[in-house]
Amino acid sequence: MKPIKMQEFFNPWCLIAIVLFSINNLYWKLDYPNWITGKLSDFAVCYFLPLYVSALLSLVVDWKLRQRLRVGVMLTALIFTLVKTSGYMSGQLNLLLSQITTAFGFGPSANIADPGDLIALPLIGIAYLYTIKKMESQHETALVVKYR
């Protein structure tokens, strides 16, 4: 049986992270600007972005899940670190995201370079470990059912 593409992305925790990220950026940050709303998006994006990158890779390359996830983890850590420690990179991200958000009728992106946001980096590893464990347990269950 061929594995379903993008399955790492369509798990409850990843979808919750995307919903929280969206609601936080579109509403809560505007209505309640504080430390919590500032960090919530950082934690959410560090969880779902490596899974999203891995899922997109599943559409274009024939790599195993671990390989795709490792690329997602490395890209997420690199990009997140760059935009949180460099005003220039943060500005470039804002330009890109603002084109997308304004096209959909929302305001411009307001990412701010803040090295304190690097506190969210461990969520990248948590996303990786959870996904590997979840997918391997599903694979083992599928093998048991298949061979009964």
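The values are calculated or read from the model by the stated rules, or taken from the named source; none is laboratory data. Nothing here was measured: the structure is a model prediction, and the numbers come from that model. Positions of Cβ are generated from backbone atoms using ideal geometry, with glycine treated the same way; all protein chains shown enter the neighbour counts.
Among the conditions (1) part of a helix (DSSP H, G or I); (2) closer than 18 Å to Thr76 by Cβ; (3) in contact (Cβ under 8 Å) with a residue 40 or more places away in the chain, Leu26 misses just one, which is (2).
Can you find even one residue in the stretch 73-84 that is buried (at least 17 other Cβ atoms within 10 Å of the Cβ), more than 15 Å from the chain's Cα centre (by Cα) and at pLDDT 95 or above? Yes, the stretch 73-84 has at least one match. If the condition is being among the polar types (S, T, N, Q) and either crowded, with 16+ Cβ neighbours inside 10 Å or under 13 Å from the mean Cα position of the chain (by Cα) (or both), then the stretch 1-50 contributes Gln7, Asn11, Ser22, Asn24, Asn25, Thr37, Ser41.
Filtering the stretch 72-121 to residues that are touching a residue at least 60 places away in the same chain (Cβ under 8 Å) and part of a helix (DSSP H, G or I) leaves Asp117, Ile119, Ala120. For Leu59, the criteria (1) touching a helix residue (DSSP H, G or I) at 6+ places or on another chain (Cβ under 9 Å); (2) part of a helix (DSSP H, G or I) hold in every case but one, which is (1).
Screening Gln67 against (1) assigned to a helix (DSSP H, G or I); (2) touching a helix residue (DSSP H, G or I) at 6+ places or on another chain (Cβ under 7 Å); (3) polar (S, T, N, Q) leaves a single unmet condition, (2).
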